[in-house]
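Engineer: Here's a structure for you.
No value in this document is a laboratory result; all are computed from the given coordinates. All of these numbers come straight from a predicted model, not from anything done at the bench. Positions of Cβ are backbone-derived with ideal geometry, glycine not excepted, and every protein chain shown enters the neighbour counts.
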Amino acid sequence: MGQLKSFRDLKVYQKLKALHIEVHNETLSFPKFETYELGSQVRRSSNSAPALIAEGWGSRHTNIYIEAINRALGEVRETQHHIDVANEKKYLSAQRFQELDDRYDECGRMLEGLHQALSGWRGTTRTGSVIQEESVEYGSKPILPALSQLFEITRQFEESFQWQKPTT
């Protein structure tokens, strides 16, 4: 993999976006009365995870990027809850439920690994839920080289992850 130029280059983003499209299509077969209930909830949370990655990508602040990854992980878990409920209501086959759940677990592991890789980034410490960055003098030079390093860490993490093709 070459240099990451956009959030669209992130494999975890690609996987989550593809999962959102699949989950959206699955909800179209839910009973009509679930259109604005469970169907709406699962569509929203499944779309929110990749959207948060895209939102956080452009931030110049490491802590905001890390927080976006953390929030995306929360949306992944919320989506898993909704597909759990859909499974229990028999809106999904057991096989389809397991396939979606496994793929969301994989994305969760990817997000957690990316979160950990970035938390150790130069000058950033993580204590519980608090992230602190080194202070910068007023009027200092822009941090674009540092931003490039942050993207490089993201790229290196992605290359180290063992990718599995989804089974469809």
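Engineer: Below 8 Å, C-alpha to C-alpha, sequence gap of six or more: please give me the relative contact order for the stretch 1-109 in percent.
Structural biologist: Here the relative contact order equals 26 percent.
Engineer: A follow-up question, please. So what is the orientation-averaged projected area of the stretch 1-117, using the convex hull of its C-alpha atoms, in nm²?
Structural biologist: With every direction weighted equally, the projected area is 7.3 nm².
Engineer: Now a separate question. Determine, for PHE97, PHE33, the number of other Cβ atoms within 10 Å of each Cβ, and report the residues in order from fewest to most.
Structural biologist: Least crowded to most crowded, the residues run PHE33, PHE97.
Engineer: By counting other Cβ atoms within 10 Å of each Cβ, how are ILE153, ILE69 ranked from fewest to most?
Structural biologist: Listing ILE153, ILE69 from fewest to most nearby Cβ atoms yields ILE153, ILE69.
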